[in-house]
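To start, the structure under review is shown below, and the notes come after it.
The values are calculated or read from the model by the stated rules, or taken from the named source; none is laboratory data. This one's a predicted model, so the numbers in the text were calculated from it and none came from an experiment. Heads up, the Cβs are rebuilt from the backbone with ideal geometry, glycines too, and the neighbour counts pull from every protein chain shown.
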Amino acid sequence: MIKYDVIVVGSGPAGLLAARSAGRAGLQTVLLERKSDITRLDRMCGQTLVSANDYYFDDLVNYNREGKRIGFLNNGFSFNYDGPIKNCMAWQIFSPKGNCLPFGLPEETSKKGEHGAVGLAYDKEILLSCLLEEVKASGVEIVEGIDVSSIQQDAGGVTAAGKDSFFSGKYLIAADGTNSRISRLTGFNEGRQLYCYLLSRGFCMQGLNLPADNILISSICFDTIAPGYMFIFPRPYADEANVAFLTLDPRVDLSQVGDYFMKQNPFYASWFKGAKVIKESASAQYVFSPVPDPYKNRILLAGDTGSCQELENTGAMISGFKAGNAIAAAVKEDNIGIYSRGITDYVKWWQDVYVNGYRHEDYIMNFALPYVIDQGADFDYICSLAKEPLPPCWNPYAAISHLGQFMQGIVPTIQKERPDILPKLAKMAKPMEEVLAETTMACQPIKELE
Ligand SMILES: Cc1cc2nc3c(=O)[nH]c(=O)nc-3n(C[C@H](O)[C@H](O)[C@H](O)COP(=O)(O)OP(=O)(O)OC[C@H]3O[C@@H](n4cnc5c(N)ncnc54)[C@H](O)[C@@H]3O)c2cc1C
């Protein structure tokens, strides 16, 4: 028997915003979450808001410091966040020898005060807890500790089950993240291109000796069988940062990547002397092409569930908010007996703003760059040509466009000084399947195990 108007599976940023929208519209809503505590952050996340100085997913994120609210000005929604926030004033990429490719310089961006921030660092456990309070206040039933393992669909509704519990609703919003079981069980993954995995180990650290404490940092390790990466995200607490070591290729040992940055390379190792780890986390995810149509048989996808790699927290929040409202509209349309458009509008937004609005290959290129410029020394050389900062940015899609323009500008110099690098740069225009072919192959055995 159908009990709920909507079942929301997954209580990350997307699921919480979806449940809040549905609850606020008066729908009988249940939120199902696998973790025993929604507010506990198990999965590695940099805990920043992408992006603070640019439209992202057709919206502009805004932090109201006085009112302690994170808001989205175009879609017109906000929520309470009473934890600490730190402005991230630039994103800088460092080469193995310490040359810097800067998306902004903090001394320049700081001239605009907090409006110069490219991203905002926050505490995600506090954010999840603030959102959960609003979900509770909107009348949503919350069930923690349930791993949804089967889905049944018929013309009138959807039943989600985990262990011996069954939940039947008119609609279901799948916000179960990037490795979504629901999208796999219900056919949304058919036809999606698998590019690779993204594997990470994360460390919350104290006592780092970084070039600046209010910038985002990334770097590449060229010494492993396939590239390894380091991202350093400021934390909104004095003397703390989140450090992540990542790879797209399961053959790469992430401890080796960590050792390279923290011990072996003298430039980076100087940042880690005397630092201590206060918390560890990890993540493992598929990197597929996006789901082109996020609605099928009463199931609507929100957040990372249908995305390539990730929508980022901001994209997940926007899509969750919109998905909850789309289902609220659909239920009302059904009740009135009028032509249905709530869900169609969401699908159109997903396609226009995300699938066709951004190239998912650009997102992956943020990680695929060392597959193109595949020697540390070449990367040192390219970074040495950045005489002026690139535009301040913490937006993975915009960054690739800025990088493309930077590369075009330095081609004449490379032609003169290092023509051997030009064929490598030309590889940037090749299809991503080709760029990542060897890593994709290395992922196949694990894919078959799934
Ligand atoms: C290393 C790393 C660093 C990142 N850094 C940043 C950053 O700095 N800034 C940023 O904006 N984004 C960052 N992200 C991405 C960000 O974490 C995600 O985009 C965001 O969390 C997506 O939100 P979501 O709600 O769609 O999914 P998730 O946050 O993944 O939430 C999914 C929820 O569903 C639950 N779930 C899964 N399966 C089931 C099931 N079968 N039954 C019940 N519940 C289930 C999970 O437990 C989880 O709570 C990072 C990601 C990684 C991997």
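Among the listed residues Ser283, Ser307, which satisfies the condition of being surrounded by fewer than 24 Cβ atoms within 10 Å (Cβ to Cβ), within 11 Å of the ligand (Cβ to nearest atom) and either under 25 Å from Arg43 (Cβ atoms) or within 14 Å of the chain's Cα centre (by Cα) (or both)?
Values: Ser307 fails: surrounded by fewer than 24 Cβ atoms within 10 Å (Cβ to Cβ).
After applying the criteria, what remains is Ser283.
In the condition set (1) of a type in the set (Val, Ile, Thr); (2) touching a residue at least 60 places away in the same chain (Cβ under 8 Å); (3) over 30 Å from Leu199 (Cβ atoms), Val287 is compliant with all but (3).
Taking each residue of region 387-399 that is over 23 Å from Glu310 (Cβ atoms) and looking for partners that are part of a loop (DSSP other than H, G, I, E, B) with beta-carbon atoms closer than 6 Å, six or more apart or interchain, yields Pro389/Gly104; Pro389/Leu105.
Given the residues Asp249, Asp239, Asp223, Asp253, which is the only one that is within 16 Å of the ligand (Cβ to nearest atom) and not polar (S, T, N, Q)?
Values: Asp239 fails: within 16 Å of the ligand (Cβ to nearest atom); Asp223 fails: within 16 Å of the ligand (Cβ to nearest atom); Asp253 fails: within 16 Å of the ligand (Cβ to nearest atom).
Result: Asp249 is the single residue among Asp249, Asp239, Asp223, Asp253 that is within 16 Å of the ligand (Cβ to nearest atom) and not polar (S, T, N, Q).
If the condition is being out of contact with any Phe, Trp or Tyr (no Cβ under 8 Å at 6 or more places or on another chain) and of a type in the set (Gly, Ala, Ser), then region 372-404 contributes Ala377, Ser384, Ala398, Ser401, Gly404. Evaluation of Thr314 against the conditions (1) within 15 Å of the chain's Cα centre (by Cα); (2) outside the structural domain of Gly157 (by TED's automatic domain parsing); (3) among the β-branched types (Val, Ile, Thr) shows that the sole unmet condition is (2).
I need a count of the residues in region 76-95 that are touching a helix residue (DSSP H, G or I) at 6+ places or on another chain (Cβ under 6 Å) and assigned to a loop (DSSP other than H, G, I, E, B). Counting residues in region 76-95 that are touching a helix residue (DSSP H, G or I) at 6+ places or on another chain (Cβ under 6 Å) and assigned to a loop (DSSP other than H, G, I, E, B) gives 4.
Just to be sure, is Asn64 within 16 Å of the ligand (Cβ to nearest atom) and among the polar types (S, T, N, Q)? Steps first, please.
Numbers: within 16 Å of the ligand (Cβ to nearest atom): no; among the polar types (S, T, N, Q): yes.
No, not satisfied.
Looking at Asn297, Asn265, can you tell me which residue is surrounded by 15 or more Cβ atoms within 10 Å (Cβ to Cβ), among the polar types (S, T, N, Q) and touching a residue at least 40 places away in the same chain (Cβ under 8 Å)?
So the residue among Asn297, Asn265 that is surrounded by 15 or more Cβ atoms within 10 Å (Cβ to Cβ), among the polar types (S, T, N, Q) and touching a residue at least 40 places away in the same chain (Cβ under 8 Å) is Asn265.
Going by the conditions given, is Leu301 at pLDDT 95 or above, out of contact with any Leu (no Cβ under 9 Å at 6 or more places or on another chain) and within 13 Å of the ligand (Cβ to nearest atom)? Walk me through it before giving the result.
Numbers: at pLDDT 95 or above: yes; out of contact with any Leu (no Cβ under 9 Å at 6 or more places or on another chain): yes; within 13 Å of the ligand (Cβ to nearest atom): yes.
Here the answer is yes, as Leu301 does meet what is asked.
Restricted to helices (runs of 4 or more DSSP H) entirely inside region 355-450, those with at least 1 residues that are β-branched (Val, Ile, Thr) and over 23 Å from Asp223 (Cα atoms) are 396-417, 437-449.
Has region 320-336 got any residue that is within 11 Å of the ligand (Cβ to nearest atom), at negative phi and either assigned to a helix (DSSP H, G or I) or surrounded by fewer than 24 Cβ atoms within 10 Å (Cβ to Cβ) (or both)? Within region 320-336 (the criterion being within 11 Å of the ligand (Cβ to nearest atom), at negative phi and either assigned to a helix (DSSP H, G or I) or surrounded by fewer than 24 Cβ atoms within 10 Å (Cβ to Cβ) (or both)), the answer is yes, since at least one residue qualifies. Total residues in region 160-180 satisfying the condition of being more than 23 Å from Leu246 (Cβ to Cβ) and within 14 Å of the ligand (Cβ to nearest atom): the figure is 11.
Taken together, the residues in region 31-53 that are crowded, with 24+ Cβ neighbours inside 10 Å and either more than 19 Å from Asp304 (Cα to Cα) or more than 10 Å from the ligand (Cβ to nearest atom) (or both) amount to 1.
Consider region 202-223. How many of its residues are part of a strand (DSSP E or B) and surrounded by 17 or more Cβ atoms within 10 Å (Cβ to Cβ)?
Just the residues of region 202-223 that are part of a strand (DSSP E or B), to begin with: 202-206, 215-221.
Restricting the remaining residues to those that are surrounded by 17 or more Cβ atoms within 10 Å (Cβ to Cβ) gives 202-205, 215-221.
Within region 202-223, residues that are part of a strand (DSSP E or B) and surrounded by 17 or more Cβ atoms within 10 Å (Cβ to Cβ) number 11.
If you filter region 138-172 down to residues that are assigned to a loop (DSSP other than H, G, I, E, B) and free of Cβ contacts under 8 Å to residues at least 12 places away in the same chain, you find that the one that is nearest to Ala18 (Cα to Cα) is Ala155.
Only residues that are more than 11 Å from the ligand (Cβ to nearest atom), outside any loop (DSSP other than H, G, I, E, B) and surrounded by 18 or more Cβ atoms within 10 Å (Cβ to Cβ) were counted in region 105-125, giving 3. From the list Leu199, Leu208, Leu194, the one residue that fits, being of a type outside the set (Gly, Ala, Ser) and within 14 Å of the ligand (Cβ to nearest atom), is Leu199. Among the residues of region 224-231, is there at least one that is crowded, with 22+ Cβ neighbours inside 10 Å, part of a loop (DSSP other than H, G, I, E, B) and assigned by TED's automatic domain parsing to the domain that holds Ala269? Yes, region 224-231 contains at least one residue that is crowded, with 22+ Cβ neighbours inside 10 Å, part of a loop (DSSP other than H, G, I, E, B) and assigned by TED's automatic domain parsing to the domain that holds Ala269. All of (1) closer than 30 Å to Val158 by Cβ; (2) among the hydroxyl-bearing types (Ser, Thr, Tyr); (3) outside the structural domain of Ala161 (by TED's automatic domain parsing) hold for Thr29 with one exception: (3).
Exactly one residue among Pro392, Pro370 is modelled with pLDDT of 95 or more, assigned by TED's automatic domain parsing to the domain that holds Met230 and within 23 Å of Cys88 (Cα to Cα), and that residue is Pro392.
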